[in-house]
Amino acid sequence: MADRIQVLIVDDISETRDHLAKLLSFESDIEVIGTAASGTEAIEQAIKLRPDVVLMDINMPDMDGIAATEQLSSQVPSAAVVMMSVQGEADYLRRSMLAGAREFLVKPFSSDELTASIRQVYSREREKAGRLAAAPATRQGAEPTVEGQVVAVFSPKGGVGRTTIAVNLAVAAATEMGKKVVLMDASFQFGDVAVLLNLNPKEKSVAALISELEEGLDPESVEACTLAHSSGIRVLLAPPSPEVAELITPAGVKRIIEVLRHNSELVVVDCAAWFNDTMLGILDMADVVLTVLTLEITSIKNIRLFLEVAEQLGYSHKIRLVLNRADTTLGIRVADVEHSIGRKIDHTIVSDGRAVVYALNRGVPFVLSNRESQVSQDVSRLATAVVGNRESHEDDTPKVAPKGKSLFAWR
Ligand SMILES: Nc1ncnc2c1ncn2[C@@H]1O[C@H](COP(=O)(O)OP(=O)(O)O)[C@@H](O)[C@H]1O
Ligand SMILES: [Mg+2]
């Protein structure tokens with residue numbers, strides 16, 4: 001059998017240390033190789049014992065878990081830290097991740113949660129180490145790659161169908177057009193992609209990349225944080241807890257997208273419904289911005305404002321307007337909308353509450369489960385029109401946004 005996962009337990013309370021050690025003693029693939037009662041002792045022990053995983057209590061007298069993790073990251077980088085904390089310490093989560101912790105467990109946790117975290121962290125680190133070692137060889141033989149296309153699905157207003165479209169578009173491009181697709185949930189605070197695809201962000205998500213974002217991202221780590229969906233697409237989920245979202249900087253997002261597009265033919269990004277610097281970073285990187293609107297006055301008003309800003313920022317050429325839930329019974333006609341925003345609608349998707357909500361609740365995209373429906377066909381048509389069709393957009397040469405334009409320059 002393969003080596004056991006060597007764990008160091010760090011907690012100032014001796015009963016907790018004993019309890020954790022006892023729980024882990026039942027696992028045949030995990031071995032507790034030492035314990036420490038303080039941050040200082042943790043570092044000494046880690047240097048001596050070289051554990052794979054350190055279970056670190058956050059609150060300890062003398063050096064706390066965060067400071068100890070910071071030191072460990074530089075002194076024993078092979079030791080992956082799983083931070084343990086009591087509830088109500090959301091800020092600790094952020095600080096731990098920044099210090100270099102790989103996982104965060106909230107006390108009280110079950111023994112299943114504990115062992116799952118240890119195994120996950122361990123296998124992620126192993127994969128990473130293995131790939132780093134193998135990297136020169138694989139890179140030599142690698143074929144020259146063409147950068148994938150980045151399609152951002154954006155809207156200045158929530159609830160208009162961005163996630164629905166992003167997910168189904170990504171799946172349609174993979175299953176119907178044979179594209180190598182990665183879907184990124186950039187609704188970092190309250191991402192829904194996981195729900196629509198029935199995936200678990202606790203398993204893998206962008207959260208694990210946070211400690212690397214500012215110091216130069218290892219492409220292999222990004223790949224390792226994506227989950228495979230049964231449709232064939234890969235998915236980079238939003239963090240499982242919203243506090244982490246603000247640690248994802250505009251520069252960090254750009255680095256992630258850079259890596260994703262290098263490794264795929266199509267990157268679909270499900271954006272958040274606001275217009276901050278992080279979203280701007282994404283729009284900057286995008287080749288196409290699918291801007292979703294519905295036949296509601298509020299949606300139309302926001303789109304008008306967005307189009308003005310987009311023009312100021314030099315994005316106009318990559319915007320495609322997608323009218324979702326197009327339904328003639330709503331009292332607003334498409335022609336009225338076009339007149340109001342001074343632009344043609346490029347694509348239309350019908351309203352089909354039954355198919356869409358059924359798919360959502362089952363966690364299976366409707367382009368897979370209900371291909372005959374009009375809404376699936378509309379999304380497929382959208383995919384064909386937008387994806388892999390870059391040459392046909394005569395204005396598709398990347399245009400650089402005017403320098404010095406900030407988000408609110410238009411005001
Ligand atoms: N074409 C459609 N027909 C019917 N319902 C839709 C359609 N598109 C989206 N919906 C529903 O609208 C709601 C919001 O969709 P969602 O994709 O989550 O929007 P967003 O990501 O913009 O917030 C969901 O309940 C979804 O099922
Ligand atoms: Mg959404």
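The values are calculated or read from the model by the stated rules, or taken from the named source; none is laboratory data. Values in this document were obtained by computation on a predicted structure and should not be read as measured data. Neighbour counts run over all protein chains shown; Cβ positions are idealised from the backbone, glycine included. What goes into the accessible areas is simple: the full protein's heavy atoms, side chains included, and nothing from ligands, DNA or RNA. Shrake-Rupley method; radii C 1.70, N 1.55, O 1.52, S 1.80 Å.
Principal-axis analysis of the Cα atoms of the chain puts helix 65-75 at an angle of about 90° to the longest axis. The Rg/Rh ratio for the range 5-129, using Cα coordinates for both the radius of gyration and the Kirkwood hydrodynamic radius, is 0.91. The residues of the range 23-124 expose on average 42 square angstrom of accessible surface per residue, using a 1.4 Å probe on protein heavy atoms. Between Asp3 and Asp29, full extension at 0.36 nm per residue minus the direct alpha carbon distance yields a gain of 8.6 nm. For Lys301, the accessible surface of its heavy atoms amounts to roughly 100 Å² (probe 1.4 Å, protein chains only, rounded to the nearest 10).
Only Cα pairs under 8 Å and 6+ residues apart enter the sum, and on that basis the relative contact order of the range 5-104 stands at 26 percent. Relative contact order of the range 149-392: 28 percent, from C-alpha pairs under 8 Å at least 6 residues apart in sequence.
Before anything else, pin down the relative contact order of the chain: Cα pairs under 8 Å, at least 6 apart, normalised by residue count, whole percent.
Averaging sequence separation for qualifying contacts and normalising by length gives 15 percent for the chain.
If I fit a long axis through the Cα atoms of helix 162-175 and take the longest principal axis of the Cα atoms of the chain, what angle between them do I get, 0 to 90°, rounded to 10? It works out to around 90 degrees. Averaging Cα coordinates gives a centre for the range 199-227 and one for the range 331-367; these two points are 32 Å apart. Cα-Cα pairs above 27 Å in the range 149-392: how many percent? Result for the distance tail: 30 percent. Between 0 and 90 degrees, the angle of helix 39-49 with respect to the longest Cα principal axis of the chain falls at about 80 degrees.
Taking a quarter of the surface of the Cα convex hull of the chain gives a mean projected area of 22.7 nm². Taken along the Cα-to-beta-carbon direction at a fixed 7 Å, the label points for Asp336 and Ala21 span 7.4 nm. Per residue, the range 149-392 exposes 39 Å² of solvent-accessible protein surface, assessed with a 1.4 angstrom probe and all protein chains in place.
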